[in-house]
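These notes are about the structure you will find just below.
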Amino acid sequence: MNLAQVRKSVAPRAITQDAVRTLVTGLSDAQASAPSTKRGKAPRGKKLRAAAPPPVPPSFFDSRPALTGRLAVERLLQRAPIRSMLKQQGEQGLDVLADFLSELYLLMHIPFGHLVPHPDLLPPESVRFFHINANWLDAALEGALSIGIESSKDSAYQKLMKESIRAAVAKATKQKRQALAGTADGLLRTDGQQTVDPSKMTGMLLRSALVSGWRGLEVHAYTAIKPSPADPARPDLDSWIQPLRIDRLSNNVMLCVWGDVPAVVTIDEPHEGVAFGFEDPPRDVSSGGYYLYLRRLSADGYGMPFELKDRKYFDAKAKNLIDTNSQLDLPKLQEEIRKGAGASTLNVRDFALEMVRVPQQGVFAWKNDGGSRG
């Protein structure tokens, strides 16, 4: 900018010539001392930067692992004291859960159509024995427990408690029938064991008029057979299996569940009442009849049955003690009993003893060739 240009710009404000001359001289000196730069570029020279803040000394907490996050929780659960503490706390509240899961083990909440998908699999007057697949039981347990999983935390906790849950369920399954009966101190017979092995659970389905006709029907299972010459399927009474469930699913269908594999199963007529009458024929007799198996009337063994080699019985129909109208000749029957039992006289008590009818029993035994016989 020259002097003429300055004068033209400041003329309206009437600046004196001395002031203008001083201004122009100052501007010229400033331009001379400034380094030459190109338009649009920053002046050459060292760029000024902000100084870095001083380093912060490390904190105590920086050396510790993080206490949040999935990885941190998983690492925490890997510590034995933590796992032991969580399991100890969790086992205190397993009773309700184990009680429900034990009912699944006993097929209580399973629709009957899933157990017997077709009527031909359980026709009228039939019995079916089955083994409960342990893998199916485990899948049922996993499915029930999956309802409570909403996060990875729930999944990790269930994985930690899984063995404790299974042990609690095995114990609750063994005691479920006692709990339903409202007692745990001997009202129902037990085998003394506290838990059940899911891999050995078996059962029976009976569809028959026996279920509706005899409400006190008794079912017993044994793991061993103790054969005798007169009874090759005689069960070993010391191997009795405690039933886990005996229920009537309908008017004519009964379900039984055991915690072991039976070698023989017996179905007994109720023993609550005393019945009088005749028995079925012996095993070596194919034809029917009205048989009476005599008992001892002597003082040393009164009321006991005769030994097999001395066994005494007769067919009332074959001896013409029953006429064509199915009428029983009592005097002749009493005389036949007296002679067969070897007694000099036969009083009313003796006659009643000889006429006591033993409750009927159906026996299903496992044969050595892999089949079953009844």
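Scanning segment 252-276 for residues that are touching a residue at least 40 places away in the same chain (Cβ under 8 Å) and assigned to a loop (DSSP other than H, G, I, E, B) yields a total of 11. Exactly one residue out of Val264, Val257 is under 23 Å from the mean Cα position of the chain (by Cα) and assigned by TED's automatic domain parsing to the domain that holds Tyr222, and it is Val257. Scanning segment 277-290 for residues that are surrounded by 11 or more Cβ atoms within 10 Å (Cβ to Cβ) and out of contact with any Asp or Glu (no Cβ under 7 Å at 6 or more places or on another chain) yields Phe278, Glu279, Asp280, Pro281, Pro282, Val285. Within segment 43-87, the set of residues being of a type in the set (Val, Ile, Thr) and at pLDDT 65 or above comprises Val56, Val73, Ile82. Is there a residue in segment 110-125 that is assigned to a helix (DSSP H, G or I), surrounded by 12 or more Cβ atoms within 10 Å (Cβ to Cβ) and under 15 Å from the mean Cα position of the chain (by Cα)? No: segment 110-125 contains no residue that is assigned to a helix (DSSP H, G or I), surrounded by 12 or more Cβ atoms within 10 Å (Cβ to Cβ) and under 15 Å from the mean Cα position of the chain (by Cα).
Considering (1) in contact with a Leu (Cβ under 8 Å, 6 or more places away or on another chain); (2) more than 23 Å from Asp315 (Cα to Cα), say which one Asn251 fails and leave the rest. It fails just one condition, (1). For segment 207-251, a tally of residues being in a loop (DSSP other than H, G, I, E, B) and either of a type outside the set (Ser, Thr, Tyr) or closer than 16 Å to Thr190 by Cβ (or both) returns 18.
When we screen Thr266, Thr345, Thr324 for residues that are touching a helix residue (DSSP H, G or I) at 6+ places or on another chain (Cβ under 8 Å) and either loosely packed, with under 15 Cβ neighbours inside 10 Å or of a type in the set (Ser, Thr, Tyr) (or both), the only hit is Thr345.
Number of residues in segment 293-312 that are surrounded by 15 or more Cβ atoms within 10 Å (Cβ to Cβ) and touching a helix residue (DSSP H, G or I) at 6+ places or on another chain (Cβ under 8 Å) equals 5.
Quick check on segment 186-195. Is at least one of its residues β-branched (Val, Ile, Thr), closer than 20 Å to Met108 by Cβ and either modelled with pLDDT of 90 or more or surrounded by fewer than 11 Cβ atoms within 10 Å (Cβ to Cβ) (or both)? Taking every residue of segment 186-195 in turn, none turns out to be β-branched (Val, Ile, Thr), closer than 20 Å to Met108 by Cβ and either modelled with pLDDT of 90 or more or surrounded by fewer than 11 Cβ atoms within 10 Å (Cβ to Cβ) (or both). Screening segment 277-330 for residues that are over 18 Å from Pro229 (Cβ atoms) and part of a strand (DSSP E or B) and picking the one that is modelled with the lowest pLDDT gives Glu279.
Considered as a group, the residues in segment 126-160 that are closer than 14 Å to Thr202 by Cα and touching a residue at least 24 places away in the same chain (Cβ under 8 Å) include one that is surrounded by the most Cβ atoms within 10 Å (Cβ to Cβ), and that residue is Leu137. Restricting Ser199, Ser208, Ser228 to residues that are surrounded by 17 or more Cβ atoms within 10 Å (Cβ to Cβ) and not β-branched (Val, Ile, Thr) narrows the list to Ser208.
The values are calculated or read from the model by the stated rules, or taken from the named source; none is laboratory data. These figures come from a predicted structure and were not determined experimentally. Cβ atoms come from the backbone with ideal geometry, glycine included; neighbour counts cover every protein chain shown.
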